[in-house]
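Visitor: The structure that follows is given in the form of C-alpha cells.
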Amino acid sequence: MKREFLQQQRGFTLLELMIGFTLSIVLLAAVVPALSINVKVWFEGSAGTEVQQSARHAVDTMVRELRYGDTYSLQSSTDISFRDIKSGTTVRYFLSGGKLYRETVGSPQPLTGDNPVTAQVVVHSPSGEELFSLRGDQPSVVYIALAATDTVTNQNVTLRTAVAGMSGYIK
C-alpha cells in the first residue's frame, strides 16, 4: 500500500522548477523598472504640489492681511510693512535667505520654508520683477510677484496678484 501511494504522488521536476524560476526572474526584470519610474513620477508630482501649495499659502496669507492694511511702506522690493486696520498693529513681510517671513511686534515667523519630507522650497522674486511694488497712481494697491522653487526637483511656480486695501471702505 505504501508503494502505491508513493507512485501516485506527483511533483515538479528539477527542469520544471528551473523554468518557473527563470520565468519569474524575467517578469521581475520587466516589472521593477516600471515601478521605479512610477515612484519617480510620484515623487516629482508630490514635490510640485508642495511648491505650489507653499506659494499659494504665502500669497493667500499676505493678500488676506494686506486687504485690511493701510499706510503701506516699502523698505525694498522684498520688504513691505503696513498697519493692520483691524488690530492697529504693524505687520511686516520680508524675504530673507530664500524664506518669506511675517513679523509683528519684533517676532518674525517663517511663512514659507523647508518640508524635509517632499520638498525644499525657496521663495524668490521672479526674474526682472519685484516681490512687492506700489505704483504712484494707486497708492492703496500692492502688487505681489512671488516665485517658489523646489531645490530638489527644480520645479518652479510663479504667482502674481494685486491687492487693493479696504481701509477706505472700513472705518
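The values are calculated or read from the model by the stated rules, or taken from the named source; none is laboratory data. Predicted model, so just to flag it, every value in this text is computed and none were measured. With ideal geometry, Cβ positions are generated from the backbone for all residues, glycine too; neighbour counts draw on all protein chains shown. Heavy atoms of the whole protein, side chains included, go into the accessibility calculation; ligands, DNA and RNA do not. Shrake-Rupley method; radii C 1.70, N 1.55, O 1.52, S 1.80 Å.
Visitor: With an 8 Å Cα cut-off and a minimum separation of 6 or more residues, compute the relative contact order for segment 49-108 in percent.
Guide: In percent, rounded to a whole number, it is 20.
Visitor: Note down the accessible area of I37, probe 1.4 Å, to the nearest 10 Å².
Guide: 100
Visitor: Tell me which residues come under 5 Å, amide H to amide H, from L111 once H is placed; ignore anything under 5 positions away on its chain.
Guide: Residues meeting the criterion, in which the H sits 1.01 Å from N, are L100, Y101, R102.
Visitor: Another question, then. Between L14 and T161, what is the spin-label point distance in nm, taking each point 7 Å from the Cα along the Cα→C-beta axis?
Guide: 7.3
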